[in-house]
1. Here is a list of conditions, (1) under 22 Å from Val537 (Cα atoms); (2) touching a residue at least 24 places away in the same chain (Cβ under 8 Å), and Glu416 meets all of them except one; can you say which number that is?
2. Being surrounded by fewer than 24 Cβ atoms within 10 Å (Cβ to Cβ) and either of a type in the set (A, V, I, L, M, F, W, C) or more than 25 Å from Met568 (Cβ to Cβ) (or both) narrows it down to one residue among Asn249, Asn230; which is it?
3. Residues in segment 168-181 that are at pLDDT below 90 and in a helix (DSSP H, G or I): how many?
4. Filter segment 370-398 down to residues that are touching a residue at least 40 places away in the same chain (Cβ under 8 Å) and of a type in the set (S, T, N, Q) and give me whichever is farthest from Ala455 (Cα to Cα).
5. Within segment 465-485, which residues are part of a strand (DSSP E or B) and closer than 29 Å to Trp388 by Cα?
6. So, in segment 236-260, of the ones that are aliphatic (A, V, I, L, M) and not in a strand (DSSP E or B), which residue ends up farthest from Asp579 (Cα to Cα)?
7. Just give me the residues in segment 436-456 being without any contact (Cβ under 8 Å) to a residue 60 or more places away in the chain and under 17 Å from the mean Cα position of the chain (by Cα), in sequence order.
Amino acid sequence: MDIYSKRRFVVYGVFAFVVLLFLIILFRLQILNSTYKQYATNNVLREITQYPARGLIYDRNGKLLVYNKTAYDLLITPREVTAFDTTLFCNLLNISKEDLEAGIKKAKKYSYYKPSILIKQISPERFAVLKEQLYKFNGFHTQSRTLREYSTTAAAHALGYVGEVSGADIKRDSYYKPGDYIGVSGIEKTYETQLRGTKGVKMNLVDVHNRLKGSYRNGEEDVPAKIGKNIVSTLDLKLQLYAEKLFRNKRGSVVAIEPATGEVLVFVSAPTYDPGLLVGRVRGHNYSKLLADTLMPLFNRALQAKYPPGSSFKPVNALIGLQVNAIDRNTRFACYGKASSPIRCTHNHGSPNDVVDAIRESCNPFLWNTFKSILGKYKTSAEGFNVWRKYVASFGIGQHLSSDFANGLKGDLPTEKQYNKIYGRGHWNALTVRSLAIGQGELGVTPLQMANYGAVIANRGFYYTPHIVKEIENDTISREFKTKREVPIEKKHFETVIIGMSQSVQRNLAATVKIPEIEMCGKTGTVQNNQGADHSVFVAFAPRENPKIALFVYVENGVWGSRYAAPMASLIVEKYLTDSISERRKWIEKKMLDANLLDPNQKK
C-alpha cells in the first residue's frame, strides 16, 4: 500500500510539473511576448503612412513653379488576402489580370506580413469609385500621397523631376522604403532633404471586412507628417520662358547669371521637354520615349555638354598675357604674312593690332602670339603651360563649379600629364597645343562655367559661386554662395579687355546685336564642326558699368557667332533690362524666333 501511495505522489508531481510548465509557457507567450498580441492587434489596427506634401518651388519674383496634387496608392498585405472577384478588381483599377498576378507575386516575395504598394498613383476620380468597393477585398487598403504638378513647361532641366527610389537609395538612407519617391535631378535632387519633409503614421481601426471604422484612441498614437520646406529659386520665369522660346527648333544652351550675387537667372538646355510628362502612371512610358528621342531632350547641355568655347575664350588668354607681362596694353602683333602665325586670321581688319584691337576683331595671330609668349616666359613649355592652366582654372573652368548642380561635369582642361602621354615629356610646346590659344583643341567647357567666366569679367576679377536657390523656408542657403572668390588678375587688365569687348558689340555687331541705350560687352566665337555647320557662340554682360546680367549662349550648327548666338543673347539682355524689345529690333527677334536649325532643308 505504501508503495502505491508513493507512486501516486510521483504521478501527481509529474502532472503538477507539466501543468506548471504549460503555465510558464503561456505566461511567456501571452504576457511577456508581444508577438501574438501584435497579431491580434493587427486584425483591428492598420498603420497608414502619411506622406508629407513636398515643398513648393517659386521663381525669384514669387511666381509658383512647382506644386502638388493628390494621388493614391493601393497596398496589399498578402497574409490578409482572401478569395476575391479579380474581374471586378481589375475593372475598378483598369489593369490586366496578368499585371495583378505579377503584383501579388512581387508583394509576397517582399513580405507576407508587411504591406507593399500594388498599384501606384491612382487618380482622385478612380479612387472615389474604388473606395466604395474596397470592403469586398480583404488585405487591400489605400494611402494618399502627393505628386508634382507644374504651372508651366519651363525650366525642366533646372527644376528636375521626382522618381521612385532605387535599391541604392534605400540602402543609403533608411528614411526611404520601397515605393517611395525621391528627387532624381535638378533642384528636386539637390534639395531633396529640404523638399521631402518627414513622413508620419496614422493608426486606424478596421472591422473584419477591412472597412475603416475610425481613428485609434482618438489619434493619440498618430505621428503627424511634416510638410517639406518651400524654396525660392533664383530663376526669372519670364526671362526663362523667353529664352526657351528663342531656342525653339534649335540645339544648344544659355545660362545667365547676376554677376553681383552669382544667382542664375536663366538656365536653358535645348531641346527641352515638358516636366509634366514625368509625373504619374504614364511616367515610365514617357521617359522611354524621351530617352529614345534622337534630339536628346533629357541631356542637360547646360551642365554636361563639353563644348569648345572657340573665340569667346580669347579674353582669358589676353588677361593672362597681361597679368604675367607676356604682353602689355600697347603690344602689337602683325596679322598678315606667313611669319605672323600658324593660325590664320579669318577676319578682314587692319594690322598690326594691340590688345583692344585683337579682342574687337577676334584676331587669331594676336592671340596665338600671346599664348606663345606666355609659355615662352618660363624655363620650359610645360612650366609655362602650368602657369597658364592655373589662371584658367581660377575662372572656374575645368572643375565642379557649384554644389547646387549635382550632375554638372568638370569639363576638359588639359594637363601636362595628358600632353606628356600624347607627345612625350619635353616633346611638346606652344606650337603643338596652339589650338588652346583660340579656345579649341582639348579644351571643353560647360555653358554654366562660361556664364560664370562672363560674370568674372563683368565684376573685374571676382565671382560668387553660381547657384539656383535663393531662399529656403526656415533655413539658410550654403555659405559657399556668399563667399567672394577672387581671380589672381589685376583689375586694370580687365578694363583693357572690356574696352575690346564693348567695341566688338558697338562697332562690329551694331546691326544685329547693339541694344539701344545699353552698352553691352561681348565676344563671339565660331567653333569648327566636322559634322555639319559650325557652332555659334557668344559670351557677354551688360551694362558695362554696374552689370546686371552675364550670359553665355551656345547654338549648335549656328554657322557663326554673330549669326545666332550674339543676336539671341542681346535679345535676352534687352528683355531683362528693359522688359521689352524695341521696335527697331523686332525684325531680328522675328528672325531668331523663326529660325529652325533642326530642319536640314532650311537655309541657316
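The values are calculated or read from the model by the stated rules, or taken from the named source; none is laboratory data. No experiment lies behind these values; they were computed from the predicted model shown. So basically every Cβ, Gly included, is an ideal-geometry build from the backbone, and we count neighbours across all protein chains shown.
1. (1)
2. Being surrounded by fewer than 24 Cβ atoms within 10 Å (Cβ to Cβ) and either of a type in the set (A, V, I, L, M, F, W, C) or more than 25 Å from Met568 (Cβ to Cβ) (or both) holds for just one of Asn249, Asn230, which is Asn230.
3. Adding up the residues that qualify gives 0.
4. This residue is Thr380.
5. Answer for segment 465-485, where residues must be part of a strand (DSSP E or B) and closer than 29 Å to Trp388 by Cα: His467, Lys484, Arg485.
6. Ala260
7. Gln449
Rundown of residues vs (1) crowded, with 19+ Cβ neighbours inside 10 Å; (2) of a type outside the set (Val, Ile, Thr); (3) outside the structural domain of Ser478 (by TED's automatic domain parsing), yes/no style:
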{"position": "Gln133", "(1), (2), (3)": "no, yes, yes"}
{"position": "Phe140", "(1), (2), (3)": "yes, yes, yes"}
{"position": "Thr153", "(1), (2), (3)": "no, no, yes"}
{"position": "Gly160", "(1), (2), (3)": "yes, yes, yes"}
{"position": "Glu164", "(1), (2), (3)": "no, yes, yes"}
{"position": "Ser185", "(1), (2), (3)": "yes, yes, yes"}
